[in-house]
Every structure is written in C-alpha cells, then in structure tokens.
Amino acid sequence: MNRLVAGVVGALTALPSATACAQTWPTKPVRIVVPFAPGGGVDTVSRFLAQKLTEQLATSFIVENRAGGGGLLGAELVAKASPDGYTLLTSAPEFSINPSVKAKMPFDVQKDFVFVSQLTSGQFLLACHPSVPVKSVRELIALAKAKPGRLNYGSSGTGSINHLAGELLQSMTGIRWGHVPFKGSGPSLIGLMGGEVDFSFGSTTSLIDQVRAGRVRAVAVTGPARYGELPEVPTIAESGVPGYNVTGWYGLYAPAGTPMEVARKLQTEAARGFNAPDLRDKLIKAGNEPVVSTPEVFEAFMRAEIAKWGRVVKEAKLTLE
C-alpha cells in the first residue's frame, strides 16, 4: 500500500515539474539531428527550421548530420537520447517505409518517438526519356501491358519513396516493369537523361529545368493536385488511376517521453517560422509546401503512411538487410 501511495504522490509531483520544464524550455542549445548527408532536401529544410527557431526562441538550434543506414543511424541516436527536448530528429518519407523494408530495426518508429509535426509536403514528377513514345499515364499503362517487363524506371535506391511510387503504380494498374536503383537522386536523374532507364520518379524541383529544356518529358505528378510550375501536367490520379497519391514530406520528432508541452511549443514555433512570408516563399520555390501540423494530426498521418507502405512492400515482397 505504501508503494502505491508513494507512486501516486511521485506521479502527481512530477506534473508541475514537467509543466515548469516546458515553460522554461529551452535554456541551452538544441540539437536537430538530420539522419542524411548535408545538401539534401531534408537537410535544407532542417537548416531553415533551425534558423527560425534560433531567432524566435533566442537559443541556438544546431543541425547535426548523422548519415548512415538509410536514415537509421541518426534516428537511433535520437530514440536513445534523453527525452528533455534538447535532441530532435527531422526525417523524410523513408522513416515510414523502413519498418516494412528493413529486416532489423534498432528502434520502434511508433513507440520510440513523439511525433511533433509534419513540416512540409511535396510531390514527385513521373518523367520519361524523350525516346519513349509515351505522353500520358494511359499511354504508359498501354505500352507496359503490351511489353510486360520490358520497360524500366529508375529511383534513388531500393526502398526509397520514389522506388515505392513505382511499385504502387504497378500494383494499382496491373503493369509489370523493372526497377533500376541508383545511388542517390542525382545519379538517377543522369540515368534518365542518358536513356539508361525509360522512366523515373524525381522531385519536381530537380526535374523541372530538364523538362523545360526537353531533356526529359513530363508525364504526370504523383500528388493530389497539379504542380503550380507545370500546370499543364496532370496528376496520376486524374490520368486513369483514381486514388493514386504519393507525396514527399519532412517531419520533426523527439524521443518518446518528451513532455507534450515541449512538443506543442515546438510545433507552434515551427508554424510561426514556416508561415513567415520570407521562408514560406523559399520553401515553395524549392517544391516544399509548408504544413506544420499538430502532433495529433502528424501522428495519424504517420500511422497511415506506415500502413500504406507496409501493404505495398508486402505485395512487392521487398526486404533489405
């Protein structure tokens, strides 16, 4: 009985302490771990975030790149960090894919993190080499069915979001085409322009100049709405594959156990920074629409993404060591 009373008293006395911690947080520099190399999309967005949070909260937010393991190395570091709000994680869609494609995970995505906020949303462009006689998704489907297994598409690597974008299209249309993984989005783009692959799912920002120069042909965009810079290019969903929707996004996380008051303060400040006109314009020009959702909305989104890609991975029978 004494232990029970002591436990209840301890829990009750901890509540004001957690609230007080959230009210004073941050009182020292905060690390934002990016589990990829410098220079990529998530790194760029993370540095925008760090700059705004530093300005708004008068405390240094420092980006730390910890690449390795397809994003697992940096994420594991954060999962094991003290849940005090001073070590955060930003990551990409692969964070919701890894639980399905990795044979062994060093952490549980759904249990070991607080989902602070989705930060941005973007989409991909399905493009083909000019030599491929396809100008629409319907023509792609017809050609792929006429030549099963003979067309191929490139991606930035096995298990990447643009790899699974092709697997999802295959699943929803009944086509059969080959997948060619490259070591990164840059080599994938070079492979498409050089005719090594017939198609590719690339970011809108990386492909738009190549489309305008005639080096590749835009077929469709993967998201729920057309891309403002290429309004004449339809979505895959409106091109004969209703329900198809693949978006690229970046999210902000903290270790499980981080006080929700801290998570809400982070989300509020991130929203304030990302909705500032100067940063909003930069993000949109880079193909990233600011989202900055609440922890509850982001958690629901993440769970839906994990389930969605789990089904695609299971059907494609993909597993990575």
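If R0 is 22 Å, what FRET efficiency do you get for Q23 and E296 from their C-beta distance, rounded to 0.05? Don't skip to the end; give the middle numbers.
Details: r = 21 Å, r/R0 = 0.97.
After rounding, the FRET efficiency stands at 0.55.
Just need the relative contact order of the chain here, percent rounded to a whole number, with Cα pairs under 8 Å and 6+ apart.
Working: 612 pairs, mean separation 82.5, N = 321.
With pairs under 8 Å counted, the relative contact order is 26 percent.
For K80, the lysines whose Cα comes closer than 18 Å to its Cα, not counting residues fewer than 8 places off in the same chain, are K104, K111. With a Förster radius of 25 Å applied to the C-beta separation of R138 and R311, the computed FRET efficiency comes to 0.50.
Summing charges over neighbours of D198, with a neighbour being any other residue whose Cβ is under 12 Å away from its Cβ, gives +2 when K and R count +1 and D and E count -1. Amide H of G248 versus every other amide H placed in the peptide plane: which residues, excluding those fewer than 5 positions away on the same chain, fall under 5 Å? Long-range HN contacts for G248: G122, Q123, F124.
Classify region 226-302 from the C-alpha gyration tensor, please: rounded if a/c falls under 1.5, else prolate or oblate depending on whether a/b exceeds b/c.
Working: a/c = 3.81, a/b = 1.61, b/c = 2.36.
It is oblate, given that a/c is not under 1.5 and a/b is not larger than b/c.
Within the chain, the proportion of C-alpha pairs whose separation exceeds 32 Å stands at 32%.
Treat every Asp and Glu Cβ in the chain as -1 and every Lys and Arg Cβ as +1, leave all other atoms uncharged, and give the resulting dipole magnitude about the Cα centre to the nearest 20 debye. Present the calculation step by step, with values, prior to reporting the outcome.
Numbers: 32 positive and 26 negative charges, 103 e Å.
That gives the chain a dipole magnitude of about 500 debye.
Close amide H contacts of L88 (hydrogens built in the peptide plane, cut-off under 5 Å, sequence separation of 5 or more or a different chain): R31, I32, V33.
When the chain is fully extended, how far beyond the present Cα-Cα distance does R303 get from A37, taking 0.36 nm per residue of separation? Numbers along the way, then the final one.
Numbers: separation 266, 0.36 × 266 = 95.76 nm, distance 2.61 nm.
Taking 0.36 nm per residue and subtracting the Cα distance, the gain is 93.2 nm.
Over all directions, the projected convex hull of the C-alpha atoms in region 123-239 averages 6.2 nm² in area.
Counted by Cβ distance under 14 Å from P259, the other residues give a net charge of 0, where Lys and Arg count +1 and Asp and Glu count -1.
Under the criterion of Cα pairs below 8 Å and six or more residues apart, the relative contact order for region 123-239 equals 38 percent. Treating each Cα of region 279-321 as an identical point scatterer and summing with the Debye formula, the log10 of I(q)/I(0) at q = 0.14, 0.17 Å⁻¹ comes to -0.56, -0.70.
Taken together, the values in this text are just the output of simple stated rules run on the coordinates, not laboratory data. Note that the coordinates shown come from a computational prediction; the quantities given were computed from them, not determined experimentally. With ideal geometry, Cβ positions are generated from the backbone for all residues, glycine too; neighbour counts draw on all protein chains shown.
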